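Each reported figure results from applying straightforward, stated rules to the coordinates on display, with no laboratory input. These numbers come from a predicted model, not from an experiment.
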Amino acid sequence: MRPREVHCWKFRPSEFVIDELVAVLSAEERARANRFVFQRDRTEYIACRGVLRHLLSRYAGIAAPDIQFEYSARDKPMLAQRFRSRIQFNVAHSRGAALIGITCVAPVGVDIERIGPLARVSALVPSCFAPEEQAEFARLPERIQPRAFYAGWTRKEAFIKATGEGLSRPLHSFAVTIAPDASPKLLRCHHYPASAAAWTIVDLATDDGFAAAVAVPASDISVVSRDLPPQALGLKQARGYDRHERQRDGVEIGFREEQADATVVS
Ligand SMILES: CC(C)(COP(=O)(O)OP(=O)(O)OC[C@H]1O[C@@H](n2cnc3c(N)ncnc32)[C@H](O)[C@@H]1OP(=O)(O)O)[C@@H](O)C(=O)NCCC(=O)NCCS
């Protein structure tokens with residue numbers, strides 16, 4: 001990883017073999033996994049946490065089961081201080097897709113969402129969007145409003161996850177650009193030390209039907225976004241996936257990584 005880079009890894013939790021990932025989880029994480037009511041939520045949590053541990057292991061040079069996390073007052077996980085690491089990360093998942101952002105530049109926030117129908121998103125606009133965002137949304141043609149809603153939503157959520165505030169920050173207290181083809185930007189934000197212009201927000205290319213974004217309180221950064229198949233981490237692929245279609249041989253993860261075949265979005 002080069003000094004001003006943010007790496008974003010996209011993956012499908014169901015491509016991974018859950019038993020292989022459970023093996024690297026801590027006792028606390030396993031207990032949390034067991035508290036999920038629905039199997040789907042349990043496996044998505046295990047897959048995300050297991051993949052996070054394997055990825056961080058490559059970047060930080062710590063064995064995946066030995067990684068320890070600490071949590072902010074608002075539950076944002078980070079590497080335990082005892083590792084004295086500059087690595088910052090953030091995780092998001094949404095019904096079948098997941099995303100992990102990793103960088104040494106500054107705190108990072110990521111979000112990925114499955115795009116829903118217009119009827120559902122329209123009802124959410126007044127509570128999720130600031131007045132100027134609502135006005136921008138209303139000006140857009142109906143056919144692109146669902147994509148616009150999720151472009152705006154993922155940009156906003158990536159921001160509140162980078163600050164670590166999560167949903168404790170009122171969603172009307174800051175504004176981003178909403179149109180999917182508009183350059184993602186933080187337009188206004190009260191009570192946050194870094195000015196709006198000091199933030200970088202980038203939309204990430206995803207599978208059809210999803211929107212995703214990453215936010216970092218820094219400029220002059222480059223975002224490298226890639227798919228992460230299990231083989232890239234030396235893990236098995238779950239049965240039912242076409243190995244050849246999804247295989248990405250030669251993906252090297254960590255600080256020595258080259259950008260050669262990556263999709264660079266910034
Ligand atoms: C962070 C938050 C916006 C995530 O919303 P979401 O759409 O449900 O979930 P996402 O898939 O985008 O992200 C979930 C991941 O974000 C991370 N996360 C949790 N809290 C976070 C925070 N405050 N800031 C940044 N990231 C956070 C975790 O890694 C979590 O994954 P995990 O549960 O598997 O560990 C929401 O959970 C939130 O606001 N949390 C704050 C909770 C809070 O204020 N707690 C205080 C308790 S007193």
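Enumerate the lysines that Lys156 could reach by cross-link, defined here as Cα to Cα under 29 Å, with residues fewer than 8 away along the same chain left out.
Here the lysines satisfying the reach criterion relative to Lys156 are Lys10, Lys76, Lys185.
For segment 198-223 and segment 1-78, what is the separation of their Cα centres, given in Å?
Taking the Cα centre of each part, segment 198-223 and segment 1-78 sit 21 Å apart.
Just from the alpha-carbon atoms, what are the Rg and Dmax of segment 124-198 in angstroms?
11.8, 37
Reported to two decimal places, what Rg/Rh ratio describes segment 79-143 when computed on Cα atoms with Rh from the Kirkwood expression?
My calculation puts Rg/Rh at 1.15.
Full-extension gain between Arg147 and Ser173, please, as 0.36 nm times their residue separation minus the C-alpha to C-alpha distance.
7.1 nm
Per residue of segment 155-168, what does 6.51 cos²θ - 1.76 cosθ + 1.60 with θ = phi - 60° give for ³J(HN,Hα)? Whole Hz please, x for Gly and Pro, Karplus curve as stated.
5, 5, 5, 4, 5, 6, 7, 5, 6, x, 6, x, 6, 6
Out of residues 5 or more away from Ala218 or on other chains, whose amide H comes under 5 Å of its own, with H placed 1.01 Å from N in the peptide plane?
Thr200
Looking only at Gly234, Gly166, Gly96, which one moves most when the chain is put into a Gaussian network model with springs between Cα atoms under 10 Å?
Gly234
Enumerate the amide H contacts of His172 below 5 Å, restricted to partners 5 or more residues apart or on another chain; note that Pro and chain-start residues carry no placed amide H.
Amide H neighbours of His172: none.
Anyone know which of Ala27, Ala47, Ala158 comes out most mobile in the 10 Å Cα GNM of the chain?
Ranking Ala27, Ala47, Ala158 by mean-square fluctuation puts Ala27 first.
Nearest 500 deg cm²/dmol is fine: what mean residue ellipticity at 222 nm does the chain get from its DSSP H runs of n ≥ 4 alone, each adding -39,500 (n - 2.57), divided by its residue count?
So the calculated ellipticity at 222 nm is -9000 deg cm²/dmol.
Working from the alpha-carbon coordinates of the chain, get Rg over Rh, Rh being the Kirkwood radius. Before the final figure, lay out the partial values.
Working: Rg = 18.2 Å, Rh = 19.0 Å.
Ratio of gyration radius to Kirkwood radius: 0.95.
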